[in-house]
Amino acid sequence: MRGVFVALAMLAASAGAQVLADPFQGMSPQGRAALSRAVLAGPDAELERRYRAARERVLDVLVAEPLDRAALAAAVAALAQVNDELMRRRREALVDALASLSAADRRAFAEASRRQPPGATLGPRP
């Protein structure tokens, strides 16, 4: 699991994000695995397709001449809606994973998280 964290940290650092030193420090292997699955879980294929399509729509409208501000606003709003769904599902997965942890793993995760700067992340934000 440490390798997964290192890969996420490298990605986040390259994106300029503050990165957690090791949010799994002191956790059991089972707790680490549960949180890693939640962090790495991707969206379902349909939601991922919708996100890519909405992003492409924003980019297509952005390069069109002349720029249609109303179309751009609508495309950005549609992308935000899909992104909100992605974030909602990620939050649910994280809450489910945290709720499945033992009391000792929850304490270890909380203690490691308290040592991190506010706004630190496990990886780049979409």
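Laboratory data are not the source of any read-out in this text; all were calculated from the coordinates shown. Fair warning: this is a prediction, and the values are worked out from it, not measured in the lab. Every residue, glycine among them, receives a Cβ derived from its backbone with ideal geometry; neighbour counts consider all protein chains shown.
Does the stretch 92-99 include one or more residues that are loosely packed, with under 11 Cβ neighbours inside 10 Å and either touching a residue at least 12 places away in the same chain (Cβ under 8 Å) or out of contact with any helix residue (DSSP H, G or I) (no Cβ under 8 Å at 6 or more places or on another chain) (or both)? Within the stretch 92-99 (the criterion being loosely packed, with under 11 Cβ neighbours inside 10 Å and either touching a residue at least 12 places away in the same chain (Cβ under 8 Å) or out of contact with any helix residue (DSSP H, G or I) (no Cβ under 8 Å at 6 or more places or on another chain) (or both)), the answer is yes, since at least one residue qualifies.
The set of residues in the stretch 65-84 being touching a Lys or Arg at 6+ places or on another chain (Cβ under 8 Å) and within 25 Å of residue 37 (Cα to Cα) consists of 82 alone.
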